[in-house]
1. Pairs needed: first member in the stretch 61-75, without any contact (Cβ under 8 Å) to a residue 24 or more places away in the chain; second member anywhere, of a type in the set (Ser, Thr, Tyr); C-beta distance under 8 Å; at least 6 residues apart or different chains.
2. Can you tell me which residue within the stretch 30-52, out of those that are surrounded by 16 or more Cβ atoms within 10 Å (Cβ to Cβ) and part of a loop (DSSP other than H, G, I, E, B), is modelled with the lowest pLDDT?
3. Checking the condition touching a strand residue (DSSP E or B) at 6+ places or on another chain (Cβ under 9 Å), basic (Lys, Arg) and not in a strand (DSSP E or B), which residue from Arg84, Arg27, Arg60 passes?
4. Is one or more of the residues making up the stretch 84-94 under 17 Å from Leu13 (Cβ atoms), β-branched (Val, Ile, Thr) and touching a residue at least 60 places away in the same chain (Cβ under 8 Å)?
5. Quick check: anything in the stretch 68-77 at pLDDT 95 or above, among the β-branched types (Val, Ile, Thr), outside any loop (DSSP other than H, G, I, E, B) and within 13 Å of the chain's Cα centre (by Cα)?
6. Within the stretch 73-101, track down each residue that is within 14 Å of Tyr47 (Cα to Cα), surrounded by fewer than 17 Cβ atoms within 10 Å (Cβ to Cβ) and out of contact with any helix residue (DSSP H, G or I) (no Cβ under 7 Å at 6 or more places or on another chain).
7. Report, by residue number, each residue of the stretch 30-67 that is of a type in the set (A, V, I, L, M) and either over 11 Å from the mean Cα position of the chain (by Cα) or under 18 Å from Ile7 (Cα atoms) (or both).
8. Within the stretch 8-29, how many residues are of a type outside the set (A, V, I, L, M), surrounded by 11 or more Cβ atoms within 10 Å (Cβ to Cβ) and over 15 Å from the mean Cα position of the chain (by Cα)?
Amino acid sequence: MTELSRIGLLSSLPGELLIKLAGRMQREEFMPGKSIVTEGEEGDRLYFVLSGLLAVTQERRGPRRMLKPGDYFGEVALAMDIPRTATVFPVTPVVLASCDRETFDEFIRPLFSDEPN
């Protein structure tokens with residue numbers, strides 16, 4: 001829960017909701033080498049970076065950006081119900097927290113509608 005409270009998107013959640021969300025998250029560790037999500041695949045999880053660095057690339061545009069602790073990815077595929085728009089792979093060992101579509105819809109989707117434009 002403490003790690004999740006450091007994620008900007010989640011920092012506005014009340015403690016009780018954050019505890020419920022944390023209970024439904026899956027914590028995973030990945031080593032460099034294999035992508036975590038691949039452009040064009042169906043999206044079924046949202047990921048939050050707890051530690052490490054990841055690279056984001058797109059087939060047509062090449063390298064896009066680096067993700068660091070506090071960042072997240074996978075929301076576009078879930079929010080818009082479209083295939084993954086980029087490939088994300090670890091550059092260093094990483095620890096991620098992820099949630100499934102049902103958890104995204106219940107806890108995370110409402111946060112996007114509250115963000116200022």
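The values are calculated or read from the model by the stated rules, or taken from the named source; none is laboratory data. On a predicted model such as this, the values are computed, not experimentally measured, just so you know. Here the Cβ is made from the backbone with ideal geometry for all residues, glycine too, and neighbour counts use every protein chain on show.
1. Close Cβ pairs (under 8 Å, with a partner that is of a type in the set (Ser, Thr, Tyr)) amount to Pro63/Thr57; Arg64/Thr57.
2. So, considering only residues that are surrounded by 16 or more Cβ atoms within 10 Å (Cβ to Cβ) and part of a loop (DSSP other than H, G, I, E, B), the one modelled with the lowest pLDDT is Gly43.
3. Of the residues listed, the single one that is touching a strand residue (DSSP E or B) at 6+ places or on another chain (Cβ under 9 Å), basic (Lys, Arg) and not in a strand (DSSP E or B) is Arg84.
4. Checking the stretch 84-94: not a single residue is under 17 Å from Leu13 (Cβ atoms), β-branched (Val, Ile, Thr) and touching a residue at least 60 places away in the same chain (Cβ under 8 Å).
5. no
6. If the condition is that a residue be within 14 Å of Tyr47 (Cα to Cα), surrounded by fewer than 17 Cβ atoms within 10 Å (Cβ to Cβ) and out of contact with any helix residue (DSSP H, G or I) (no Cβ under 7 Å at 6 or more places or on another chain), then Val76, Val95, Asp100 are the ones that fit.
7. Answer for the stretch 30-67, where residues must be of a type in the set (A, V, I, L, M) and either over 11 Å from the mean Cα position of the chain (by Cα) or under 18 Å from Ile7 (Cα atoms) (or both): Met31, Leu46, Val49, Leu50, Leu53, Leu54, Ala55, Val56, Met66, Leu67.
8. So the answer is 2.
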